[in-house]
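Some notes on the structure that comes next.
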Amino acid sequence: MTSIAAPRSTFIPFDEEEEPAAKRHARVRARAGTAWALLPALALLAVAGTAYISQTARGTALTYEIASLQAQKAALGNTSSILAQQIGQAESAGAVNQTAVRLGYQSPTGWQVLTPPPGPDPLLPVLLALKGA
């Protein structure tokens with residue numbers, strides 16, 4: 001049996017060897033045009049990604065700084081309460097009495113009531129002057 005080979009005049013799209021050069025160049029230009037069209041979008045994505053990473057890093061740094069400041073605030077609060085306690089102990093009656101004895105002061109042996117001298121109040125003119133009368 002003999003078969004007659006017909007000349008191939010039709011183009012098969014997957015046969016790149018026989019594709020006309022004009023179509024090949026058109027496809028390459030279309031790919032290049034698409035790449036150039038996508039370039040601004042890729043640049044925008046790169047800028048947005050960089051900004052996001054920058055903001056995330058700054059947020060993380062601020063979080064650590066806030067934690068550090070809160071720890072410092074707690075430490076200062078503890079120091080403040082310790083100092084307030086020490087001031088309270090130093091101002092107590094017992095501490096004041098011990099300091100007075102150490103400085104040579106003595107407790108009074110008795111109590112005495114002081115009464116104002118008879119006659120007009122010596123501060124009355126001053127009070128009237130301050131009052132504006």
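Just so you know, all these numbers are worked out from the coordinates, no wet-lab data involved. Given the structure is predicted, the values throughout are model-derived calculations rather than measurements. Glycine also receives a Cβ, built like all others from the backbone with ideal geometry; neighbour counts cover every protein chain displayed.
Just grab the label-to-label distance for Leu114 and Ile82, each label 7 Å out from Cα along the Cβ direction, in nm (one decimal).
4.3
What spacing in nm lies between the two simple spin-label points modelled at Val47 and Leu69, each 7 Å away from Cα in the Cβ direction?
3.2
Kirkwood Rh over Cα pairs of segment 19-105 into Stokes-Einstein at 4 °C, 1.567 mPa s: D in µm²/s?
Translational diffusion coefficient: 63 µm²/s.
Quick one: if you stick a label point 7 Å off each Cα along the C-beta vector at Ala95 and Thr56, how many nm between them?
5.4
Which of Leu114, Leu76 has the fewest other C-beta atoms within 10 Å, and how do the rest follow up to the most?
By the 10 Å Cβ count, ascending, the order reads Leu114, Leu76.
So how do Trp111, Trp36 line up by other beta-carbon neighbours within 10 Å, fewest first?
In increasing order of surrounding Cβ atoms, one gets Trp111, Trp36.
Apply the Karplus curve 6.51 cos²θ - 1.76 cosθ + 1.60, θ = phi - 60°, to the phi angles in segment 82-99 and return the couplings in whole Hz, x for Gly and Pro.
5, 5, 5, 5, 5, 5, x, 5, 5, 8, 5, 4, x, 5, 5, 5, 4, 5
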